[in-house]
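A short write-up of the structure that comes next.
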Amino acid sequence: MIQRTPIADAVTYAIMVLGFILLIGPFLVIIAGASQTMQQVNAIPFSFLPENQFLANATQAWQRADLGTAMTNSLIMAVLVTAGKVALSSLTAFAIVFFRSPLKHLFFWSVFITLMLPLEVRVVPTYAVAADLLQPVKFILSLFGGIQIGVDWNLLNSYTGLTLPLIATATGTFLYRQFFMTLPDELAEAARMDGSGPVRFFFDMLLPLSRTNMLALTTIMFVYGWNQYLWPLLMVTDPSYKTVMMSLRSLLPADNGTPDWNVTLAGSLLIMLPPLVVVGVLQRWFVRGLVATDK
Amino acid sequence: MEKRAVFKSWWLPVVFALPQLLLILFFFYWPVAAVVNWAFTLEPPFGGPAEFVGLANFQEAFSDPFYWNSVMVSLIFATVGPLFAISIGLVLAIAVDRQLPGSGFFRFLYILPYAIAGPAAGMAFRFILSPERGLAATLNAAWPDIWNPAKYGEHALALVIIIFIWKWSGYTFIFLLAGLQSVPRALGEAAAMDGAGPFRRAIDVQVPLLAPTLFFLLVTMMTEGFVGADTFGIVHAVTEGGPNHGTEVMVYRIVDEAFKGLNYSGASAQSIILIGLIMIFTFIQFRFVEKRVHYK
């Protein structure tokens, strides 16, 4: 604080409280609504006071949307996306930063371009590839000699299909690249003088040093994986593979049915909870990952 | 910046980068090539290889009034949403940056909406801003039909934009706060000595110094508004493009056309237009806006 200005301080607090009402208010409505009975939640005007019905509503939502299965699937998907991303992007960044090789720029740019086009604009052919993974291979084979293969490798309704296309983007690679660039050149020199090869250097020095980055990347990738919507919606037709974002829809009260929004809100709250906990508890790492990957 | 001490090997980097490059090849470059291919070809209705049709798919899109409607909706969505999200983030960041007692608590809370997936937030907002219950019901009781997203396209568009703003304000806040904290304190102190009050300092010292961050956020937020996962998710979960195409953003129309209308060629042509639009857009912003941005 630079100078003592009571009026400006009062305005500052007023702004911060207004921000609280705008950004946290919706959470308070959800919490209040999720713990009320159906009569209370539909009352006009809405009461912001939480009641004691949350467990009953949550149990009902859990059964209605089969949240047990959906939560398990989303958890598996989020963990696989996170693990795949953390592992693969560190390997690629290592290849880009620490080797003198003519291919380095090719690698860099082919990864960099993926940042430009998100899944949404190329979702149709990506779906086609997932429905028949060997399609590109078949095409190349038919170019060279007209060999036809009749095997289809279908990724629909599988964890592989749910996660692989989401790992194929560049975010994590840049986080690692940025970090590797900040390391002093002497580090690799010293390792080389001590007789360490690149593989040993990577596993024994770089990975332990990048623990902070890994944690930051883990938090943002977990939230990213958990919150996936469009891709699972297209990929999954078998209910045993459905994710939480898909089960949101079954939580909605039917158009002419009973308006039990208390159950809907309780279910949505359960679905929102895991990423909310990650961002709340690991906020330092999350913010770090956010600021570092996007620059 | 080049590293001097690098390892010499031609095959090791290939081995290290191979897993990700293969994934990108299968799930990025191949699909992108397919989009381009489909955009200029048309599959005959009774099977057989796709025929090259030139720009016919594009002409079809351009002559469709619903396509122009989706362009309009996307433009509104991707300008109004980001402008509000950035303004709210900016005001909150300047307030929190004054570091009054308790501001750490607010900083902790403001980022929380960003954790929520667009569709999940959408589900909750369908209740919160529903015309019959929640918070807007009182308003509707006093003035019937003043707010009804299920009936009026403009209201529905406002609703999905509000959800976008709610989610992304915390994100812009984090970046702007980080930007403010890197502004040297001495600058503010000097301005205060010259007699500038807190508001004057915010407008004449802090905001100009934030220009690079604001510029960066404008580019990212507008791209997010045009093609982001949340844009599709919010619209799909809240309004399904309706009522009467009032919230049909470009991404929604592409996915709808491909998977409901099974018109892959039309959807691909629209994807190409969207990709082109984003590229032109980023270029214009870098070319013209950056000139007026003060770095350092």
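The values are calculated or read from the model by the stated rules, or taken from the named source; none is laboratory data. Here the structure is a predicted model, which means the values were calculated and not measured. FYI the Cβ positions are ideal-geometry reconstructions off the backbone, even for glycines, and counts take in every protein chain you see. Accessible surface areas use protein heavy atoms only, side chains included; no ligands, DNA or RNA. Shrake-Rupley method; radii C 1.70, N 1.55, O 1.52, S 1.80 Å.
Miscellaneous remarks
- Within the range B:62-112, being among the hydroxyl-bearing types (Ser, Thr, Tyr), over 13 Å from B:Trp168 (Cβ atoms) and open to solvent by less than 80 Å² (accessible area, probe 1.4 Å) holds for B:Tyr67, B:Ser70, B:Ser74, B:Thr79, B:Ser103.
- Count - residues of the range A:279-295 that are within 7 Å of another protein chain (Cβ to nearest Cβ) and either in a helix (DSSP H, G or I) or buried (at least 20 other Cβ atoms within 10 Å of the Cβ) (or both): 6
- Members of the range A:14-43 that are surrounded by fewer than 14 Cβ atoms within 10 Å (Cβ to Cβ) and farther than 27 Å from B:Tyr114 by Cα: A:Gln39, A:Ala43
- The conditions of being part of a helix (DSSP H, G or I), more than 10 Å from chain B (Cβ to nearest Cβ), open to solvent by 60 Å² or more (accessible area, probe 1.4 Å) and hydroxyl-bearing (Ser, Thr, Tyr) are met by A:Thr72.
- Residues located in the range A:183-206, provided they are among the aliphatic types (A, V, I, L, M) and without any contact (Cβ under 8 Å) to a residue 60 or more places away in the chain: A:Leu183, A:Leu187, A:Ala190, A:Ala191, A:Met193, A:Val199, A:Met205
- Cβ-Cβ distances below 6 Å connect the following pairs, each with a first residue in the range A:110-130 that is facing chain B (nearest Cβ under 7 Å) and more than 15 Å from B:Ala34 (Cβ to Cβ), a second residue that is among the polar types (S, T, N, Q) and surrounded by 24 or more Cβ atoms within 10 Å (Cβ to Cβ), and a separation of six or more residues or different chains: A:Val111/A:Thr173.
- Some residue of the range A:97-104 being more than 10 Å from chain B (Cβ to nearest Cβ) and of a type in the set (Phe, Trp, Tyr): no
- The listed residues are A:Ala56, A:Ala87, A:Ala83, A:Ala61, and the only one of them that is farther than 16 Å from B:Phe28 by Cα, open to solvent by less than 10 Å² (accessible area, probe 1.4 Å) and in a helix (DSSP H, G or I) turns out to be A:Ala61.
- A:Leu91 vs. criteria facing chain B (nearest Cβ under 9 Å) and touching a Phe, Trp or Tyr at 6+ places or on another chain (Cβ under 8 Å): yes
- In the set A:Val79, A:Val86, only one residue is more than 13 Å from every other protein chain (Cβ to nearest Cβ), closer than 23 Å to A:Asn213 by Cβ, out of contact with any Cys (no Cβ under 9 Å at 6 or more places or on another chain) and not aromatic (Phe, Trp, Tyr); that residue is A:Val79.
- Test: A:Gly172 is over 23 Å from B:Phe7 (Cα atoms) and open to solvent by less than 10 Å² (accessible area, probe 1.4 Å): no
- Of the residues making up the range B:211-261, those that are open to solvent by 10 Å² or more (accessible area, probe 1.4 Å), without any contact (Cβ under 8 Å) to a residue 24 or more places away in the chain and more than 10 Å from chain A (Cβ to nearest Cβ) are B:Glu240, B:Asp256, B:Lys260, B:Gly261.
- Within the range A:234-266, if we keep just the residues that are in a helix (DSSP H, G or I) and open to solvent by 20 Å² or more (accessible area, probe 1.4 Å), the residue that is farthest from the other protein chains (Cβ to nearest Cβ) turns out to be A:Ser240.
- Exactly one residue out of A:Phe46, A:Phe20, A:Phe27 is part of a loop (DSSP other than H, G, I, E, B) and either within 30 Å of B:Tyr110 (Cβ to Cβ) or more than 28 Å from the chain's Cα centre (by Cα) (or both), and it is A:Phe46.
- Checking each residue in the range B:132-186 for being out of contact with any helix residue (DSSP H, G or I) (no Cβ under 7 Å at 6 or more places or on another chain) and either facing chain A (nearest Cβ under 8 Å) or of a type in the set (D, E, K, R) (or both) picks out B:Glu132, B:Ala137, B:Thr138, B:Ala141, B:Asp145, B:Lys151, B:Glu154, B:Arg185.
- For the range A:175-199, the set of residues classified as more than 11 Å from every other protein chain (Cβ to nearest Cβ) and either open to solvent by 30 Å² or more (accessible area, probe 1.4 Å) or at positive phi (or both) consists of A:Phe179, A:Asp194, A:Gly195, listed by residue number.
- Residue in the range A:252-272 that is farther than 21 Å from A:Thr59 by Cβ and either hydrophobic (A, V, I, L, M, F, W, C) or at pLDDT 90 or above (or both) present: no
- Test result for B:Gly118, in contact with an Asp or Glu (Cβ under 6 Å, 6 or more places away or on another chain), closer than 30 Å to A:Met38 by Cα, surrounded by 15 or more Cβ atoms within 10 Å (Cβ to Cβ) and not acidic (Asp, Glu): yes
- In the range B:263-296, the residue that is nearest to the chain's Cα centre (by Cα) out of those that are assigned to a loop (DSSP other than H, G, I, E, B) and at pLDDT below 80 is B:Val293.
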